[in-house]
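Please read the structure below before turning to the comments.
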Amino acid sequence: MTITSAMTFHPRPEPGRPTPWAFPAPTRSALANGLTVLRCDRPGQKLVAVDVLLDVPLAAEPAGLDGVATILARAFSEGTETLTAEEFAGELERAGATLDAHADHTSLRISLAVPASRLARGLRLLADAVSAPALPAEEIERLVANRLDEITHELANPSRRAAFALYGELFDAADRLSRPRAGTAETVKGIDRAAVAAFYAEHVRPATATAVVVGDFSAVDFDAVLADTLGGWTGDQAPASVPAPVTGNDTGRVVIVDRPGSVQTQLLIGRVGPDRHDPSWAAQILGTYCLGGTLTSRLDRVLREEKGYTYGVRAFAQPLRSAADGSGRAMLAISGSVDTESTAPALADTWAILRKLAAEGLTDEERDVAVQNLVGVAPLRYETASAVCSTLADQVEQGLPDDYQAQTYRELARTSTEQATQAVVAAFPPDRLVTVLVGDASSIAAPVKDLGIGEVIVISA
């Protein structure tokens, strides 16, 4: 007896109609205590991201206490008035949450990630941390000791050493931008519990803070939870800080940080230029990406693929301090590393690339690839709540409108090859670049001087 069965074929599913993508738009409100809130609903995002931005720029640090903002940021997770550091860590773990914080030139940012089902619990811990930190003396001492150990490692790291030297060269010594974000050994060792507590009392308050919250809130009463947690944070009224204008000395010159015997040279070439408030920002980003944003960009194509000098070279634009009046600036830079013998040839080729770019411009193909890579993959980049939250928080820090990122993507898509060329040529003029080389000065100083790209100065590491 043979048993046969018939196979039923169902119709093949048809793809849905594609819909235009735009960067998520937040809604803005304020709590009774003055805290500004940006809420962004993202259905399906069950891990909620929260960034609290405190109006505590590094420029507010007392003279001689560079690094106190960083120590304060790290101390927020070291217990509260009702929980020891161990108890606080245990409560975070039971809530399935993580809490991180860091200080930068624009603000101090505290970041929370917590499941939507435990949002109230996570926000309560965040509210306790920011409104009533214990700042225990023994933990402050440990954080200071850890930071001093970090500094030793940073000074041994060629890329970090190059960054310290470039910022120190570009900006006046009185400008906080000229000094390491987390302080130097000389300033950090003077930080104690009293200094951190005084800094907190003077600068941390809800009236000048902003909370950005992104995720799926369908199962929670968002307004009630926020009012019951961060809404209980109290503090006095005060005006928001006003960022100082950014000025930099980008006279063409070369600074060699001497590391005798080094077999490799770290390169960091930079200057200051337009930031995100400037109308040219989108074109500048597009042109910079063509120059050094990916493996197929001009710098990598020559220095890596054709010449074999390096594993990779990147060009980028990084906002420093921003202001709506246009007084802010961005760091425009080229970064990479080469073997010692290739230092001068690599620099010569870099300058040749920049001059050819100015003379001949970008190609339409380069522009199209850059647009696809920057705009086409944006929906993937912002799949998570944390990615959206971080970008919205950046906009708040830099005084940008809430729809800025959406506007920027639209502008990138319509930026022409000519516009991108003009912007990147203006961003990287060969005669207005400060070059920092971390390597063996005895081997590289003479051939670099022969290039004629600026005065060569040698400093000790």
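The values are calculated or read from the model by the stated rules, or taken from the named source; none is laboratory data. As the structure is a computational prediction, the values presented were derived from the model and not from experiment. Using ideal geometry, Cβ is built from the backbone for each residue, glycine included, and neighbour counts are taken over all protein chains shown. Ligands, DNA and RNA are stripped out before the accessible areas are found, and what is left, the full protein with its side chains, is counted by its heavy atoms. Shrake-Rupley method; radii C 1.70, N 1.55, O 1.52, S 1.80 Å.
Send over a whole-number figure in Å² for the accessible area per residue of the range 175-250, probe 1.4 Å.
Roughly 45 Å² per residue, with all protein chains present.
So how strong a dipole does the range 1-83 carry about its Cα centre when Lys and Arg Cβ are +1 and Asp and Glu Cβ are -1, to the nearest 20 debye?
The calculated dipole for the range 1-83 is roughly 660 debye.
Which of the helices in the chain meet the span-like rule: DSSP H, Cα axial reach of 24 Å or more, Kyte-Doolittle mean at least -1.0?
Span-like helices, by this rule, are 137-156, 343-360.
Could you please report the charge total around residue 341, scoring K, R as +1 and D, E as -1 over all other residues with beta-carbon less than 13 angstrom from its beta-carbon?
Net charge in that neighbourhood comes out at -1.
According to the square roots a ≥ b ≥ c of the eigenvalues of the Cα gyration tensor, what is the shape class of the range 11-62, taking rounded for a/c under 1.5, prolate for a/b larger than b/c otherwise, and oblate for the remainder?
Prolate.
Tell me, what % of the accessible area of the range 316-461 is carbon and sulfur with a 1.4 angstrom probe?
49
Taking the alpha-carbon distance from residue 356 and a cut-off under 26 Å, which lysines remain once sequence neighbours fewer than 8 residues away in the same chain are dropped?
Cross-link targets: 307, 449.
Once you place label points 7 Å from the Cα toward the Cβ at residue 21 and residue 150, how far apart are they in nm?
3.3
Over the range 20-164, average the accessible area per residue using a 1.4 Å probe and give it in Å², no decimals.
Solvent-accessible surface per residue comes out at 42 Å².
For every other residue with a beta carbon closer than 9 angstrom to the beta carbon of residue 101, add +1 if it is Lys or Arg and -1 if Asp or Glu, then tell me the sum.
Net charge around residue 101: +1.
Suppose every K and R has +1 on its Cβ and every D and E has -1 on its Cβ; what is the size of the dipole of the chain about the Cα centre, in Debye to the nearest 20?
Value, rounded to 20: 800 debye.
Go through 177, 119, 101 and say which Cα lies farthest out towards the positive end of the charge dipole of the range 101-183; charges sit on Cβ, +1 for Lys and Arg, -1 for Asp and Glu.
With unit charges placed on the Cβ atoms, the residue in question is 119.
With every protein chain present, what is the per residue accessible area of the range 366-426 (1.4 Å probe, Å²)?
45
With unit charges on the beta carbon (Lys/Arg positive, Asp/Glu negative), name the residue among 187, 48, 25 whose Cα is farthest towards the positive pole of the charge dipole of the chain.
Selected residue: 25.
Treating the beta-carbon of each Lys and Arg as +1 and of each Asp and Glu as -1, no other charges, what is the dipole magnitude of the range 262-346 about its Cα centre, to the nearest 20 debye?
120
Rounded to the nearest 500 deg cm²/dmol, what is the calculated helix-only ellipticity per residue at 222 nm for the chain, with -39500 (n - 2.57) per DSSP H run of length n ≥ 4?
Result for the chain: -11500 deg cm²/dmol, rounded to the nearest 500.
If you rank 9, 23 by how much accessible surface each has, with a 1.4 Å probe, what is the order from largest down?
Largest to smallest exposure gives the sequence 9, 23.
Tally Lys and Arg at +1 and Asp and Glu at -1 over the other residues with C-beta under 12 Å from the C-beta of residue 226: what net charge comes out?
Result for the local shell: -1.
Take residue 201 and residue 449, extend 7 Å from each Cα along the Cα→Cβ direction, and tell me the distance between the two endpoints in nm.
With each label point 7 Å from Cα toward Cβ, the separation is 5.6 nm.
Given R₀ = 25 Å, what would the calculated FRET efficiency be for residue 431 paired with residue 305, taking r from the Cβ atoms and rounding to 0.05?
So the FRET efficiency works out to roughly 0.40.
Using only the heavy atoms of the protein chains and a 1.4 Å probe, how would 280, 460 rank by accessible area, largest first?
These residues rank, largest area first, as 460, 280.
Could you calculate the FRET efficiency of residue 251 with residue 407 from 1/(1 + (r/R0)^6), where r is the beta carbon distance between them and R0 is 25 Å, rounded to 0.05?
With a Förster radius of 25 Å, E is 0.15.
Hey, if we sort 410, 432, 161 by accessible area with the 1.4 Å probe, largest down, what's the order?
So the residues, ranked largest to smallest area, are 410, 432, 161.
Compute the relative contact order of the range 1-160 as a whole-number percentage, counting only Cα pairs closer than 8 Å that sit 6 or more residues apart in sequence.
Relative contact order here is 22 percent.
Among DSSP beta bridges whose residues both lie in the chain, state the antiparallel percentage, nearest 5.
Expressed as a percentage, antiparallel bridges in the chain total about 70.
Given labels modelled 7 Å from the Cα in the Cβ direction, how far is it in nm from residue 102 to residue 325?
Those two pseudo-labels are separated by 3.0 nm.
Which translational diffusion coefficient, to the nearest whole µm²/s, is obtained for the range 288-419 from the Stokes-Einstein equation, given a Kirkwood hydrodynamic radius over C-alpha pairs, 4 °C and 1.567 mPa s?
77
Could you list the GluC sites (Glu not before Pro) in the range 319-426 that lie in coil according to DSSP, counting only those with at most 14 other Cβ atoms within 10 Å of their Cβ?
Answer by residue number: 383.
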